[in-house]
1. Can you compute 3J(HN,Hα) from phi for each residue in the stretch 66-79, using the Karplus curve 6.51 cos²θ - 1.76 cosθ + 1.60 with θ = phi - 60°, rounded to whole Hz and x for Gly and Pro?
2. May I ask you to evaluate 6.51 cos²θ - 1.76 cosθ + 1.60, the Karplus curve with θ = phi - 60°, for each residue of the stretch 104-113 and list the ³J(HN,Hα) values in order in whole Hz, giving x for glycine and proline?
3. Using each residue's phi in the stretch 88-98, evaluate 6.51 cos²θ - 1.76 cosθ + 1.60 at θ = phi - 60° and report the 3J(HN,Hα) Karplus result to the nearest Hz, with x for Gly and Pro.
4. How much length, in nm to one decimal, is gained on full extension between D37 and A124, taken as 0.36 nm per residue of separation minus their Cα-Cα distance?
5. What nm distance separates the two modelled labels at R88 and I45, each placed 7 Å from Cα along Cα→Cβ?
Amino acid sequence: MPFFPHTGNTGGGLTAHPRTAPPPSPSIHHLIREAADLDQRLPPIERVHALIARLYCYISVTATELESYANTLPSGNPARVRTLAAVRSARHRLAPGSGNGYISAITYTQGLARAARQLLPHHAQLPHTREHH
């Protein structure tokens, strides 16, 4: 009889099944490349929706970070002007949504990929990002 009835614990140590680590999250660069090639591969709609969610999240978070950083720069600073323009453009691409069809979802995903690509060089210039490279 086990030490703890109805648990299967015989006192012989841990009996948990080994867990495998989740697969690593793809980098934003990989997601952008995948989204840019959607019209070549035509993946399942679930994959398109997953790409939309990841790109949307990246753009939302990164745009907020970039806007906060740019607002610390002097108002005439060219880097501030370029960064805020990129943020406005990226947020503009977030607004319309993907529409009702498969083709419109692919088109929306590719637009998000272009917006994310446009934010990459600005994001690389953030002080906390440069320290980690």
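A short reminder: the numbers here are calculations on the coordinates, not readings from a lab. These figures come from a predicted structure and were not determined experimentally. Cβ coordinates were reconstructed from backbone atoms using ideal geometry, including for glycine residues, and neighbour counts include every protein chain displayed.
1. Result, rounded to whole Hz: 5, 5, 4, 5, 4, 6, 7, 7, x, 4, x, 5, x, 5.
2. Each residue of the stretch 104-113 in turn: 5, 5, 5, 4, 5, 4, 5, x, 5, 4 Hz.
3. Going residue by residue, I get 4, 5, 5, 5, 4, 6, 5, 4, x, x, 8 Hz, with x marking Gly and Pro.
4. Numbers: separation 87, 0.36 × 87 = 31.32 nm, distance 2.37 nm.
Using 0.36 nm per residue and subtracting the Cα-Cα distance, I get 28.9 nm.
5. Reported label-point gap for R88 and I45 is 3.6 nm.
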